[in-house]
Amino acid sequence: MDIYLHPIKIHINMFTTIGRSIPRRHYSVKFPQTSAPAPTVGQFRNPLLHCFLLASSTYIVLHTVWLSLEYEHREKELKKSTELLESRIQTYVDARSTADKSKKWWKFW
C-alpha cells in the first residue's frame, strides 16, 4: 500500500472490503414474495353500500329540515294574507251595516 494515498480513499476501501467479508444471514422462515392480487368488484360492494346509505340518510334528514323550515315560512305568509283579507271583509261588512241603518225599513218592501 502506498503511504501517500488520500485518507478518504483508504477509508472507502476499508468498508468495501469489510462488506464483502460478512456473510449474509439466512432466516429459517421464508415468506413468499408474491404481488397482491388485483381487487375484484365484489370487494367494493360493502363500501359502496355504506356510502349510499350514509348519503341517503343525510339527504333525508336535510330534506326534512328544509321542508319544516319551508312550512313555517309558508304558514307565516298565509297568516298575513288571511289577516289582510279578513280585515278587508270586515271593512265591507261594517260599511254595509252602517249603510243599512241609514235606510228606512219600509223602503225595502
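The values are calculated or read from the model by the stated rules, or taken from the named source; none is laboratory data. Please read all numbers here as calculations on a predicted model, not as lab measurements. Cβ: placed from backbone, ideal geometry, glycine included. Neighbour counts: every protein chain shown.
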- Task: Return yes when Ser97 is at pLDDT below 85 and among the small types (Gly, Ala, Ser) and no when it is not.
- Result: yes
- Note on region 36-63: residues surrounded by 10 or more Cβ atoms within 10 Å (Cβ to Cβ) and among the hydroxyl-bearing types (Ser, Thr, Tyr) are Ser56, Ser57, Thr58, Tyr59
